[in-house]
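**Q** Please find one structure pasted underneath; my questions will follow.
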Amino acid sequence: MTDAIIVENIFKKFETVPSVSGVSFNIRKGELFGFLGPNGAGKTTTINMLTGLARPDSGTIKIGGIDCTKNPRAALHLIGVVPDESNLYPELTGFDNLCFCAALFGMGKKERRTRAGELLKTFDLAKAADRKFGGYSKGMKRKLTIAAGMIHRPDILFLDEPTTGIDVAAPGNCGKSSKPCTGPGPLFF
């Protein structure tokens with residue numbers, strides 16, 4: 001199997017404080033990869049570098065064969081990102097939030113409406129589809145945030161603190177809703 005992500009000796013400092021020091025790893029397509037460590041270990045900073053939100057001070061990052069070190073946003077079409085705190089709009093409904101995210105990835109109106117409906121059903125949020133996101137419970141907000149990261153069927157899904165606030169059955173839904181992807185399946189980070 002080919003590597004979906006290659007990270008070679010990345011470093012990142014904030015002023016004089018090292019956050020990430022010499023991290024290297026390879027992840028193959030279709031793998032589930034857990035990135036564990038104590039608070040302050042650099043996990044979120046590493047995810048930020050892999051998703052184009054930050055640049056490494058040195059080292060190399062390749063995603064889907066694309067060198068993202070100099071152009072960190074070059075592989076954005078291949079990835080979905082689920083941040084540790086929701087980035088969705090409280091004044092929009094769950095359905096409208098998903099459709100908005102789909103539009104950002106260039107999905108047509110019919111496709112985004114269909115995909116939003118699929119994800120709402122998969123994450124057991126169909127009954128709340130027309131409710132404003134701001135009125136969702138913490139667990140519902142987390143599930144919709146995960147669904148938003150999956151809206152465009154990315155090859156690689158980055159989840160920062162994925163199980164915070166959701167019931168034990170919900171994480172298994174990620175795999176269910178990603179089945180229509182091509183190849184050996186998505187990679188979950």
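The values are calculated or read from the model by the stated rules, or taken from the named source; none is laboratory data. Nothing here was measured: the structure is a model prediction, and the numbers come from that model. Don't worry about glycine lacking a Cβ; one is built from the backbone with ideal geometry, like all the others, and counts go over all protein chains shown.
**Q** Output the residue which, of all residues in the stretch 45-66 that are of a type in the set (Ser, Thr, Tyr) and surrounded by fewer than 18 Cβ atoms within 10 Å (Cβ to Cβ), is farthest from the chain's Cα centre (by Cα).
**A** SER58
**Q** Okay, next question. Out of all the residues in the stretch 78-118, which are in contact with a strand residue (DSSP E or B) (Cβ under 8 Å, 6 or more places away or on another chain) and polar (S, T, N, Q)?
**A** If the condition is that a residue be in contact with a strand residue (DSSP E or B) (Cβ under 8 Å, 6 or more places away or on another chain) and polar (S, T, N, Q), then THR93 is the only one that fits.
**Q** Just the residues that are charged (D, E, K, R), in contact with a helix residue (DSSP H, G or I) (Cβ under 9 Å, 6 or more places away or on another chain) and assigned to a helix (DSSP H, G or I), please, taken from the stretch 142-156.
**A** Residue satisfying the conditions is LYS143 alone.
**Q** Filter the stretch 96-139 down to the residues that are without any contact (Cβ under 8 Å) to a residue 40 or more places away in the chain, outside any loop (DSSP other than H, G, I, E, B) and buried (at least 19 other Cβ atoms within 10 Å of the Cβ) and list them by number.
**A** Matches in the stretch 96-139: CYS99, ARG112, ARG115, ALA116, LEU120, ALA128.
**Q** Let me ask something else about it. How about the stretch 8-35: which of its residues are buried (at least 18 other Cβ atoms within 10 Å of the Cβ), of a type outside the set (Ser, Thr, Tyr) and out of contact with any Leu (no Cβ under 7 Å at 6 or more places or on another chain)?
**A** Matches in the stretch 8-35: ILE10, LYS12, VAL20, VAL23, PHE35.
Residue-by-condition table, conditions (1) in the same structural domain as PHE25 (by TED's automatic domain parsing); (2) closer than 25 Å to VAL23 by Cβ; (3) of a type in the set (Gly, Ala, Ser):
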residue	(1), (2), (3)
ASP84	no, yes, no
LEU88	no, no, no
ARG112	no, no, no
GLY117	no, no, yes
ALA129	no, no, yes
